[in-house]
Amino acid sequence: MLRRPGFAVTAIVILGTGIAANTAVFSVVDTVLLKPLPYPNPDRLVTVMEASGSKSERASLIAPIRLDDWNRLNRTFEAIGGSYSENVTDTTGDEPDRLVGRRVSPRYFSVFGAKPVIGRTFVPEEEIAGGPAAVVISYGLWSRRFNQGPEVIGRRLILKGEPFTVVGVMPQEFASSNIDIWLPAALAPFLMQMRDARFYSGVGRLKPGVTLAQAQDDLGRVQRDLGQQFPPTDKDWSAEVGDLKEARVGSYRESLVFILAAVTLLLVIAVANISGLMLSQLQVRERELAIRNSIGATRGQLVGTVLREVLLIAIAGVVLGLVLDVWSLRAFRSLFTDLPRSEAFHLDWRALGFASLAGVVSAILFGVWPAFRATRKDLVSVLSHTGRGIARDSRSQHVLVAGQFALSVLLLSGTGLMLRSYYNLQHVELGFDPSHDVTFHVGAAWNEDRNRVGQLQKALVQRFERIPGVVAAGFSNFLPASSATLRSQIRLRENARTDEAGLISVGERSIGGAYTSALSVPILAGTTCPQLEKLDTGTPKALVNRRFGELYGNGQNLVGQHFHWTQDSATTPETEIVGVVGDIREDNLRSTPVPYVYSCLPAGGWPDPEYVVRAQGSPQELSREIRAAVHDVDPTRAIFGMQPLQQELDSTLEQTRLQMGLISMFGGAAIFLAAIGLYGLITLAVTARTKEIGIRLALGAAPRRIVSDVVMQVVWLLGLGTAVGLVLVFAVQRELGSVVFGVSPLDPTTLAAALGVLVIAATLATYLPARRAAKVDPLTAMRD
């Protein structure tokens, strides 16, 4: 090994890298997709939602009173709970801190069956309006704020200006690492009587032996009975029951499986490369081993020598793989924070064992076999044929290298498609211009006096617009492309193409101030929202997008038409459409625009919106002025989450960027390994044929003819590998199509680019051996 350090180091690095990549990615896939959720009897946990009469968008949030009805009347659930997001400002310390929170209904924690690390969850008196103010905190908040000290129980957090007592700490795997606290919903009695106030996301625990279909039928029966009892709000509504694990990880399945397939191909290439390197070295040493055998070394001694060398390389590769795997998983925990259960990523010994066994076994098989051949009885044949041509085992290397080329074509095609997808997502038509916008929050609580909050919002928007260099200022309940997929149903008074129930399913955003101007959204008809006014002032106004008009306008002008929100049609007046705006990618960058309604908010209608301020120049320059403006209006308000809107949009591409980076890394590693395999094969061929090449040169063969022979050998391998690789790409085009955006899995440009990279790598791998062949000295070659 010391006499051949290049071979030893290359083999160890290839084996270690292949083992580490495969083990790390499988550990992530196993944690996210394969392992059950970290709760008792996780197979009985389900999602529960209301289902509207609309055929296009059925799933809807749950009204609290209906959640109580379902708990009371069902026969298949042990319990059903609900929750909704509510971020709060913590002013316990010197600096305000924004905490990501969830408001939870009674029975919420009992549904999951998870016990706190310390303390307890909420008791009934804390879950009613006016009860003791209690909070359960996450493992992450407990670690970073309280150093995991048990004295946290009984401590108070100042949330929204009120003290909340910490009563418990949930386990690390209970929820996403992004969640900091849980608060009781503690809904006011009037809200508990509003059957059309839908805002809970539901989760339930089935009774033992109950199937999803049985639970679905059971809640459907309950809801039909409620529809007869409360026809204005419950008629034509049903329930949707789904698997909780699928709801949490389903959107990541295709991406993770795609990455796992890519890294598995990389392991196959690494194994093939190790095999090729072993064949190359042992064939070069075949003459040496035969001479040793002829002067007294037994076959067992020779094979044992080779086996020890192979095992040393294999053990070193496994150790390197283990080190790289531990490092990779630490990096994954930091990079993949959006993945479910990212905090639970850990080394999977099964994957490590499998990958290590594959590499070690291949190294042993392809290392020991030539040793057996070199020590066979016909030593004269071995010694006499050495140097006259390529060893017979090189045919095995031909197959291995061609196979590496084929798999490299597949991985490089995937790399090219991911690069094209990322580019397409970066340049997708947004429907607005984020380049001059800055976005932020100003702390305000939902239980504050709405008139006071309304006065704050009006004052803030007016103050922002007076800042030099500000073009417009407004706000929205959610930013575009934020994956906040809100869906509601409306009934348009005028004739429209609706479903059988007369409903139109639309996306929903609530906006205020000069929001459309702040985003530079084009107004296609009518006007934008009116200036901020007090609550309950005048007829509700709304904007619709171009897609809404195309589907439901029937060629007529929608401005001036009216509609009812189906969830509160009995309690609120009709909403007037005052304008039509261009299509915005509201749900996410991958989703094409759907019909959207933009409700014009009264001042205070949404206490904690996303403020958007548009600058004439760079938005970063507004940070200091905006903070000063908020302080001037209300010094007690915390401002947080300030960043350019473009940066916010870029963060939505994080998952795609990581996928692209990983696939690119695997594709680069694949082509590197394939080039090493080709280089080893051609070097072996030149070394084995040195005497033959010398004789041909002595007899008058031109050096370019020698080079041509070497190159033609590569051309045949490249052609065979490319053909098989293209067949593989065609075979998996459906899987590739599920993870790419804006490009065909069989895109000719991408395939051509992949083949071009492969040709360049093959050319570089062939250059040195071919040059060496052309410079062989005939006299030296024949003498040796």
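Here are the numbers:
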item	result
Of the criteria (1) under 38 Å from the mean Cα position of the chain (by Cα); (2) modelled with pLDDT under 80; (3) of a type in the set (Ser, Thr, Tyr), which one SER328 fails	(2)
Matching option when the condition is at pLDDT 75 or above and farther than 30 Å from ALA363 by Cα, among ALA297, ALA247	ALA247
Number of positions in the stretch 648-690 that are among the basic types (Lys, Arg) and at pLDDT 70 or above	1
Residue match in the stretch 78-99 (condition: on the phi < 0 side of the Ramachandran plot, crowded, with 18+ Cβ neighbours inside 10 Å and among the basic types (Lys, Arg))	no
Residue satisfying condition, being touching a helix residue (DSSP H, G or I) at 6+ places or on another chain (Cβ under 9 Å) and not in a loop (DSSP other than H, G, I, E, B), within set GLY131, GLY140	GLY140
Where a residue in the stretch 352-364 is farther than 10 Å from LEU15 by Cα and its partner, wherever it lies, is among the polar types (S, T, N, Q), with Cβ under 6 Å and at least six apart	LEU352/THR23; SER362/SER275
One residue from GLY113, GLY161, GLY130, GLY149 being on the phi > 0 side of the Ramachandran plot and either among the polar types (S, T, N, Q) or at pLDDT 90 or above (or both)	GLY113
Selection status of SER110, surrounded by fewer than 17 Cβ atoms within 10 Å (Cβ to Cβ), in contact with a strand residue (DSSP E or B) (Cβ under 8 Å, 6 or more places away or on another chain) and closer than 23 Å to PRO64 by Cβ	yes
Wholly enclosed helices (runs of 4 or more DSSP H) of the stretch 696-774 bearing at least 1 residues outside the structural domain of TYR679 (by TED's automatic domain parsing) and not acidic (Asp, Glu)	none
Any chance VAL249 is in contact with a helix residue (DSSP H, G or I) (Cβ under 7 Å, 6 or more places away or on another chain), outside any helix (DSSP H, G or I), buried (at least 18 other Cβ atoms within 10 Å of the Cβ) and in contact (Cβ under 8 Å) with a residue 60 or more places away in the chain	no
Top-ranked residue of the stretch 729-754 - restricted to ones that are surrounded by 19 or more Cβ atoms within 10 Å (Cβ to Cβ) and closer than 18 Å to GLY403 by Cα, ranked as nearest to the chain's Cα centre (by Cα)	VAL729
PRO171 modelled with pLDDT of 90 or more, under 30 Å from ASP69 (Cα atoms) and in a loop (DSSP other than H, G, I, E, B)	no
Members of the stretch 708-731 that are of a type in the set (A, V, I, L, M) and touching a helix residue (DSSP H, G or I) at 6+ places or on another chain (Cβ under 7 Å)	VAL710, VAL711, VAL714, LEU717, LEU718, LEU720, VAL724, LEU726, LEU728, VAL729
Looking only at the stretch 755-784, and only at residues there that are of a type in the set (Gly, Ala, Ser) and modelled with pLDDT of 70 or more, the one that is surrounded by the fewest Cβ atoms within 10 Å (Cβ to Cβ)	GLY756
Enumeration of residues in the stretch 586-606 that are modelled with pLDDT of 90 or more and either within 25 Å of VAL428 (Cα to Cα) or of a type in the set (Phe, Trp, Tyr) (or both)	PRO595, TYR596, VAL597, TYR598
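The rows are residues; the columns are (1) assigned by TED's automatic domain parsing to the domain that holds GLN489; (2) out of contact with any strand residue (DSSP E or B) (no Cβ under 6 Å at 6 or more places or on another chain); (3) among the aromatic types (Phe, Trp, Tyr); (4) under 27 Å from ILE639 (Cβ atoms).
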site: GLU576; (1), (2), (3), (4): yes, no, no, no
site: VAL581; (1), (2), (3), (4): yes, no, no, no
site: THR592; (1), (2), (3), (4): yes, yes, no, no
site: PRO595; (1), (2), (3), (4): yes, no, no, no
site: CYS600; (1), (2), (3), (4): yes, no, no, yes
site: GLY604; (1), (2), (3), (4): yes, yes, no, yes
site: ASP608; (1), (2), (3), (4): yes, yes, no, yes
site: ARG614; (1), (2), (3), (4): yes, no, no, yes
site: GLY617; (1), (2), (3), (4): yes, yes, no, yes
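Residue-by-condition table, conditions (1) basic (Lys, Arg); (2) in a helix (DSSP H, G or I); (3) without any contact (Cβ under 8 Å) to a residue 60 or more places away in the chain; (4) farther than 16 Å from THR121 by Cα:
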residue: ARG144; (1), (2), (3), (4): yes, yes, yes, yes
residue: VAL166; (1), (2), (3), (4): no, no, yes, no
residue: SER176; (1), (2), (3), (4): no, no, no, yes
residue: MET192; (1), (2), (3), (4): no, yes, no, yes
residue: GLY220; (1), (2), (3), (4): no, yes, yes, yes
residue: THR233; (1), (2), (3), (4): no, yes, no, yes
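The values are calculated or read from the model by the stated rules, or taken from the named source; none is laboratory data. Since we're looking at a predicted model, the values are computed, not measured. Using ideal geometry, Cβ is built from the backbone for each residue, glycine included, and neighbour counts are taken over all protein chains shown.
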